[in-house]
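The structure appears right after this line, and notes come after that.
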Amino acid sequence: MSAIDWITQVLEVVAAVAAAPALLGWLNQCRAWLQNRRAPSLWLPYRNLHKLFRKEAVIAENASPLFRIAPYVVFGTMGLAAGIIPSMGTQLPLVGSADAIALVGLFAAARMFMTLAAMDVGTAFGTMGARREMMVGFLAEPALLMVIFVASQISSSTALPVITEHLASGRLGLSPGLAFSAVAFILVLLAENARIPVDNPATHLELTMIHEAMVLEYSARHLALMEWAAQLKLFNYICIGFALFFPWGVATAHIGPVGLVVAIPALAIKLAVAGAGLAVIETLSAKLRVMRIPEFLGTAFLLAVLGLLVHVLLGT
Amino acid sequence: MLLVGCVALLLSWTAIGFAGLVRPRSVLLTGRVLFPLGALLGLALAALAGASLLGGGVERLILPIGLPNLPMHLRLDPLSSIFLLLLGASSFGISLFAGGYFRVGEGTAPGLLCLQYHLFLASMGLVLIANDAYSFLVAWEVMALSSYFLVTTQHRIPEIRRAGLIYLVMAHVGALCLLLCFGVLQGGSWLFTFHAMRAAHLSLGWATAAFGLALVGFGAKAGLVPLHIWLPEAHPAAPSPVSALMSGVMLKTAVYGMLRVGLDLLGRPVWWWGLAPLVLGLFTIIYGVLFAAVQTDMKRLLAYSSVENVGIVFTGIGLTIIFAGSGLKVLAALALLATLYHCLNHAFMKSLLFLGTGAVLHATKERNLGRLGGLIHRMPWVAWLTLIGVLAIAGLPPLNGFVSEWLMLQAFLFTGRLPHAFVNLLIPMGMALVVLGTALAGYVMVKFYGVIFLGQPREASLAHAHDCGWLERIGLSWLALGCVALGLFPLQVIRALGSVTHQLVGAVVPQASSAWWLLAPVPGRSVSYGPLVFLMATLAVVLMTVLAVRLAYHQRVRRGPAWDCGAGGLTARMQDTAEGFGQPIRNLFQPFFEIERELPEPADLAPRYRIVVRERIWRLLYAPLVGAVEGLANAAARIQRGRISVYLLYSFVTLLVLLAVALLR
């Protein structure tokens, strides 16, 4: 492990934490343009976070310590996840200790703490949000794992950087198995990040909300951390997508430190395109009824399994 | 020498049990002296088993006890050792907890309970070291009977007697299959030592029959669907330490038996035998976890969760047999390792959770999730220790549940090309089901923990709930510590398990990395997992977040009433109940359940909503079965006239028939 690897490692986490609000800002801007609205500033999410951090936190009288710990745990796990995903370079010192299964476990841990914190105060909305989040999670989590497993079958590894390295060195174009899982992955990404067909981040309508219902009791810095963590999660998911399906531009082993110079702008461009793409999807689709969400995710899960079966059948 | 030590410890357990009869009503004697003493013996047993495991040797002993010419054969090998270790280590925590738990006035007197409890422990130990069918089955029956008496501790309640009866019947159906299985295994030599069974050469048909009988027999004890029906009845009925022992340890004796017969006594298995445990195991995972998600009784929920975990273990056994039968030794070792690791994990996690429910039950007298809530404020010790168990069983890194899940997924993932096309397709689907089961387990555990410990108390009486005593705290802490240690030091555990995989499948899972903290079990592929680094990195990032927020901003906090969207008038009734939390699962997987609903009319002044979820299996499988048995019994009753002359006639006719047969020969 050279110094440059450690720098890449730290840079990935710091860049993710710093850029995640901007990604959301960009997504909101694109959405506004597509919907013929005047776009808010790209920096609005930052100002929002800053405002929240400055405020005095109000905590419900019957909240337990779990309620106060959860935002830090959720934010911390998302930050660590950014370090596991090879968004800039593949020579990461954390590679050996945390593979893709551990990454999904990390997301599951964040979800668990979030839902438990939502149930902690004991409001109707909190428990409802927790229940719905788990309903999304129990299908999205296995779907994500199955998506990753197709790629790990191809590259004989469950470590994301190794997968990226392997896929980046291959020919351009997706293998049939990966094509199925790419579709599945987009569905999972939308569901896991509370985007439009599954959840609407812009409303607080009790009939539909999932993520917002869980953080209703949070205020000030705790809310800021929860929101920031959600932005980081979106960032991370998009980067997982890059690692599996668009691994080009990442600093691989044989390119060396110079790769980082290319990798950072490459990542920025990829993120900008992905954000715009998400905005298009969100603008074109309508919110699903809550009861239909399992079907949506069931499709994702089946597609992912199908991807794996196709891969096994074709023996590529 | 280790084996002699083990026998001495088992005898001491029995002696402690009988000592309880000296003053059967004294809680002080049993709770403060005998149970802790039994716990220490458990620890000693774990130490002996650990030494034997690390040594990797085999010891034999013949005790001249029993019928003439049928001495008792005992044997301590790595496979027995790992399960003895599991028994000793988890019983240490459970016995300590039991010392604080059992009180006077709960059915059976404490002294008698002490006897039953320690006989149960000793018989489980004997099952694990028995080396002939006689002693195995005797120990097996003592285990079933002693646990039956423990289940029916509160025998004055009719439901509990019924639960006990179901348990007893299922235990005996299983035992009958085992009897037949050993009958087949001796292969015409009429020698019932395991040594003779290993040497016996069975034809493929007979070997398959033996394997099938073992699967049914041990499956009934382990709770493999559809033989699991006693679990959700017996576990809520039993006192919590007994539930913990039954679920954490006794189910594992069945796993031990399955491994012993399938991989040791039968020699090298045929690969397609593995399909049965694999498919049944996968079905059991999904079935168990779905039913766990819709339960409203916290101990029934855990019982179904045990069914799920048994499914995971049997899936692992199935994989092991498929790989071992196909000659893929290293992969078989990996699958076996995942199986054994999961057994160890489950012993700690599930005991911890059952004991947690026991503490809640004692503090609140309530098993129904709909009447609990908010206990994290009243019972912080129980709540926080249970949280560890909950996170572990949901398979979250860096706790222990994740390690076995990880190993299992690696075994699935790197199956490579098996020579059988349809198995190649079955494996990814199996993997999908395992992953789905784990995610659903997370759902179940959020429900379990959230409804019991978080939110507002749903009943006014919960305000008087008290935390558990110091013996109980030590017991819970020990088990929680086990969960953490098994999660953080997998490499050390796996090294100790090497002798078991070597014994059963002839290979050791290699270690592809030189780092002592990195788990890298697949050679030639870059897969690894380092829980210690993982934990450290997580802690570092979380602490840095806390520090950054504190340094950059203020830390002002004000306590106020819950906001609840400003609506006001929040009551505890507005939270999700256990039924409510399970609703998505109930709706999605409706065909699995038999649901009875009682919905209120629009104009009801006192609306009542009631929902009961049952298993279809009772009506589809067991009701016809019971009917058939009753019909047979009635038919048999027709020839039972109760008059001596008729019976004499029967004897006479029998004699004539036998004479005729003899003459014709």
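Observations
- Among the trypsin sites (Lys or Arg not before Pro) in the range A:209-302, those located in a DSSP loop and surrounded by at most 14 other Cβ atoms within 10 Å of their own Cβ are A:Arg289.
- Stretching B:Ala635 away from B:Leu40 to a fully extended chain increases their span by 208.8 nm, per 0.36 nm per residue minus the current alpha-carbon distance.
- Gyration tensor (alpha-carbon) shape descriptor, the range B:616-664, a/c threshold 1.5: oblate
- Each label point was placed 7 Å from the Cα along the Cα-to-Cβ direction; for B:Ala512 and B:Leu275 their separation is 3.0 nm.
- 3J(HN,Hα) along the range B:81-92: 4, 5, 6, 5, 4, 4, 4, x, 5, 7, 5, 4 Hz, from the Karplus curve 6.51 cos²θ - 1.76 cosθ + 1.60 with θ = phi - 60°, whole Hz, x for Gly and Pro.
- Rounded tilt (10° steps) of B:298-325 against the dominant C-alpha axis of chain B: 60
- Using the Cβ-Cβ distance between B:Arg643 and B:Leu620 with R0 = 60 Å, the FRET efficiency computed as 1/(1 + (r/R0)^6) comes to roughly 0.90.
- Alpha carbon centroid spacing (whole Å) that separates the range A:116-188 from the range B:237-287: 31
- Taking 0.36 nm per residue of separation and subtracting the current Cα-Cα distance, fully stretching the chain between B:Phe18 and B:Tyr553 would add 186.1 nm.
- Distance between the pseudo-spin-label points of B:Leu204 and A:Trp33 (7 Å out from Cα toward the beta carbon): 6.8 nm.
- Dipole moment magnitude, nearest 20 debye, chain A about Cα centre, only Lys, Arg, Asp, Glu C-beta charged: 720
- Oblate is the label for the range B:106-204, because the ratio a/c of its alpha-carbon gyration tensor axes (a ≥ b ≥ c) is 1.5 or higher and a/b is not greater than b/c.
- Per-residue ³J(HN,Hα) for the range A:211-220, Karplus 6.51 cos²θ - 1.76 cosθ + 1.60, θ = phi - 60°, Hz, x for Gly and Pro: 5, 5, 5, 6, 9, 4, 7, 7, 9, 6
- Over chain B, relative contact order from alpha-carbon pairs under 8 Å, at least 6 apart, %: 12
- Per residue of peptide A:139-147, the mean number of Cβ atoms on other chains within 10 Å of the residue Cβ is 5.
- P(r) histogram, all alpha-carbon pairs of the range A:101-210 included - 10 Å bins from 0, percent: 13, 38, 28, 16, 6, 0
- Take every pair of alpha-carbon atoms less than 8 Å apart whose residues are at least six positions apart; their mean separation over the length of the range B:476-554 yields a relative contact order of 19 percent.
- Rounded to two decimals, the Cα-based Rg/Rh of the range B:289-546, with Kirkwood Rh, is 1.02.
- FRET E, pair B:Arg161, B:Ala485, Förster distance 45 Å, beta-carbon r, rounded to 0.05: 0.65
- Sites counted here are chymotrypsin sites (Phe, Trp or Tyr not before Pro) in a DSSP loop (not H, G, I, E or B) having no more than 14 other Cβ atoms within 10 Å; the longest part of chain B that contains none of them is B:191-515.
- Hull volume in cubic angstrom per residue (convex hull over the Cα atoms of the range B:487-569): 226
- Computed [θ] at 222 nm, helices only, for chain B once each DSSP H run of length n ≥ 4 contributes -39500 (n - 2.57): -22000 deg cm²/dmol
- Chain A: angle of helix A:293-314 to the longest principal axis, Cα-based, in degrees nearest 10: 10
- Longest segment of chain B lacking GluC sites (Glu not before Pro) that sit in a DSSP loop with at most 16 other Cβ atoms within 10 Å: B:107-458
- Of the trypsin sites (Lys or Arg not before Pro) found in the range B:356-437, the ones in coil according to DSSP and having at most 12 other Cβ atoms within 10 Å of their Cβ are B:Lys365, B:Arg417.
- Long pairs among A:Lys55/B:Lys447; B:Lys365/B:Lys447; A:Lys233/B:Lys447; B:Lys252/B:Lys447, criterion Cα-Cα beyond 31 Å: A:Lys55/B:Lys447
- The range A:3-314 - percent relative contact order, Cα under 8 Å, separation 6 or more: 30
- Cβ charges +1 (Lys, Arg) and -1 (Asp, Glu), total dipole of the protein assembly as shown, debye: 700
- With a Förster radius of 35 Å applied to the beta-carbon distance between A:Leu288 and B:Lys329, the computed FRET efficiency rounds to 0.10.
- Solvent-free Debye scattering, log10 I(q)/I(0), computed from the Cα coordinates of the range A:3-314 at q = 0.08 Å⁻¹: -0.34
- Cα→Cβ-extended label distance, 7 Å offset, between A:Ile4 and B:Glu598, nm: 7.3
- For the range A:8-89, GluC sites (Glu not before Pro) are listed when DSSP marks them as loop and at most 16 other Cβ atoms sit within 10 Å of their Cβ; the list is A:Glu56, A:Glu61.
- Computed P(r) (all Cα pairs; chain B; 10 Å bins; percent): 3, 15, 25, 26, 18, 9, 4, 1, 0, 0, 0
- Dipole check for the range B:403-536: with +1 at the C-beta of Lys and Arg, -1 at the C-beta of Asp and Glu, and the Cα centre as origin, the magnitude is about 340 Debye.
- Alpha carbon centroid spacing (whole Å) that separates the range B:1-33 from the range A:224-281: 63
Readers should treat all values here as calculations from the given coordinates under stated rules, not as data from a laboratory. All values derive from a computational prediction rather than experimental measurement. Cβ sites come from the backbone with ideal geometry, for glycine too, and all protein chains shown count toward neighbours.
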